[in-house]
């Protein structure tokens with residue numbers, strides 16, 4: 001099985017996130033990712049979930 005580009009990017013993100021020790025920085029990264037997900041869903045007309 002070969003990993004897709006999206007899977008490799010997700011792994012890179014998780015590895016980098018795991019190295020962040022500052023709680024405020026981790027929360028900022030989470031907030032950014034959730035906002036980006038929301039903006040992308042809104043621009044593509046996808047329904048929103050209730051996870052952030």
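The values are calculated or read from the model by the stated rules, or taken from the named source; none is laboratory data. What you see is a predicted model, and the numbers here were worked out from it, not measured in a lab. Here the Cβ is made from the backbone with ideal geometry for all residues, glycine too, and neighbour counts use every protein chain on show.
Looking only at segment 1-26, count how many residues are in a loop (DSSP other than H, G, I, E, B) and modelled with pLDDT of 95 or more.
So the first thing to find is which residues in segment 1-26 are in a loop (DSSP other than H, G, I, E, B), and the list is 1-4, 20-22.
Imposing the further condition that a residue be modelled with pLDDT of 95 or more reduces the set to 4, 20-22.
Result for segment 1-26: 4.
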Considering every residue within segment 27-46, establish whether at least one is surrounded by 10 or more Cβ atoms within 10 Å (Cβ to Cβ), touching a helix residue (DSSP H, G or I) at 6+ places or on another chain (Cβ under 7 Å), in a helix (DSSP H, G or I) and at pLDDT 95 or above. yes
Residue pairs, Cβ under 6 Å, 6 or more apart or interchain, first in segment 24-41 and farther than 12 Å from residue 13 by Cβ, second surrounded by 12 or more Cβ atoms within 10 Å (Cβ to Cβ). List them. 26/20
